[in-house]
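The structure under discussion appears below in the form of structure tokens.
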Amino acid sequence: MRTIEHATTADRQEILKLYKIQLGREFCPWNEYYPGEEEIDFDLSRDSLLVMREDGKIIAAISIDDDEAVKSLPFWSEDLQPSGEVSRLAVLPEYQNRGIAREMIYKAMEVLKERGFVSIHFLVNRLNTKAMKSYEKLNFNKVGEIEIFNQPMFCYEKKL
């Protein structure tokens, strides 16, 4: 049975392992430093890290982020404020292509709406064609393009 819930400090190492498993995979822009314990601790401190468990094992994670550099980008619609950001979506490789990322995004959208946000936004590496196809199927709007964090990114947004 699968459940999506807020992560706890007891989940730190399992989440870090999930992040590190992504390194070197096609389209993954992460490196040995990012994301790491600092990002996990930041997310946990704000109760903003969601995990999906199957039989107690963490198989996916997503963060409701709060990054001033992303928040201040000029692409986000003024009439869709306040807008919440999601980032650091990861799914164990053996569970990919099963709609889990979509479930995680929907849950993050639900949490954002409960917290009073009007829309959701996020960045995707322009080379990550697999993710872009998924987001377009979910009716996210591509609203901009930028080089940020040493990565070529597309900016996506959607009303909640």
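With E103, E38 as the choices, which residue is charged (D, E, K, R) and either closer than 24 Å to L160 by Cβ or touching a Phe, Trp or Tyr at 6+ places or on another chain (Cβ under 8 Å) (or both)?
The conditions single out E103.
So if I check each of D43, D55, which one is in contact (Cβ under 8 Å) with a residue 24 or more places away in the chain and on the phi > 0 side of the Ramachandran plot?
D55
Residues are listed down the side, and each one gets a yes or a no for (1) surrounded by fewer than 11 Cβ atoms within 10 Å (Cβ to Cβ); (2) touching a Ser or Thr at 6+ places or on another chain (Cβ under 6 Å); (3) among the acidic types (D, E):
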| position | (1), (2), (3) |
| --- | --- |
| A10 | yes, no, no |
| L16 | no, no, no |
| E26 | yes, no, yes |
| F42 | no, no, no |
| K71 | no, no, no |
| F75 | no, no, no |
| D79 | yes, no, yes |
| E85 | no, no, yes |
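Within the range 138-158, track down each residue that is of a type in the set (D, E, K, R) and touching an Asp or Glu at 6+ places or on another chain (Cβ under 9 Å).
Hit for the range 138-158 is K142, nothing else.
Hey, any hits in the range 119-130 for a residue that's out of contact with any Ser or Thr (no Cβ under 8 Å at 6 or more places or on another chain), under 25 Å from M1 (Cβ atoms), among the charged types (D, E, K, R) and touching a residue at least 40 places away in the same chain (Cβ under 8 Å)?
No: the range 119-130 contains no residue that is out of contact with any Ser or Thr (no Cβ under 8 Å at 6 or more places or on another chain), under 25 Å from M1 (Cβ atoms), among the charged types (D, E, K, R) and touching a residue at least 40 places away in the same chain (Cβ under 8 Å).
Can you tell me which residues in the range 49-67 are surrounded by 15 or more Cβ atoms within 10 Å (Cβ to Cβ) and either out of contact with any helix residue (DSSP H, G or I) (no Cβ under 8 Å at 6 or more places or on another chain) or of a type in the set (A, V, I, L, M, F, W, C) (or both)?
Once the filter is applied, which keeps residues that are surrounded by 15 or more Cβ atoms within 10 Å (Cβ to Cβ) and either out of contact with any helix residue (DSSP H, G or I) (no Cβ under 8 Å at 6 or more places or on another chain) or of a type in the set (A, V, I, L, M, F, W, C) (or both), the range 49-67 yields L49, L50, V51, M52, R53, I58, I59, A60, A61, I62, I64, D67.
Would the range 21-28 turn up any residue that is of a type outside the set (K, R), touching a Leu at 6+ places or on another chain (Cβ under 8 Å) and without any contact (Cβ under 8 Å) to a residue 40 or more places away in the chain?
No, the range 21-28 contains no residue that is of a type outside the set (K, R), touching a Leu at 6+ places or on another chain (Cβ under 8 Å) and without any contact (Cβ under 8 Å) to a residue 40 or more places away in the chain.
Need a quick list: helices (runs of 4 or more DSSP H) entirely within the range 44-160 having at least 1 residues that are at pLDDT 95 or above and farther than 26 Å from R25 by Cα.
100-114
How do the pairs read when you match residues in the range 95-108 that are in contact (Cβ under 8 Å) with a residue 24 or more places away in the chain and of a type in the set (G, A, S) with residues anywhere that are in a helix (DSSP H, G or I) and surrounded by 13 or more Cβ atoms within 10 Å (Cβ to Cβ), using Cβ under 8 Å and keeping only pairs 6 or more apart or on different chains?
Listed by first residue and then by second, the contacts come to A101/A131; A101/S134.
Picking from N139, N150, which residue would you name as being of a type in the set (S, T, N, Q), more than 19 Å from K71 (Cα to Cα) and surrounded by fewer than 16 Cβ atoms within 10 Å (Cβ to Cβ)?
Just a single option satisfies the conditions, and that option is N139.
Restricting the range 1-41 to residues that are among the small types (G, A, S) and assigned to a loop (DSSP other than H, G, I, E, B), which is nearest to K57 (Cα to Cα)?
Result: A7.
The values are calculated or read from the model by the stated rules, or taken from the named source; none is laboratory data. Since we're looking at a predicted model, the values are computed, not measured. Quick reminder, even Gly has a Cβ in these numbers, built from the backbone with ideal geometry, and neighbours come from all protein chains shown.
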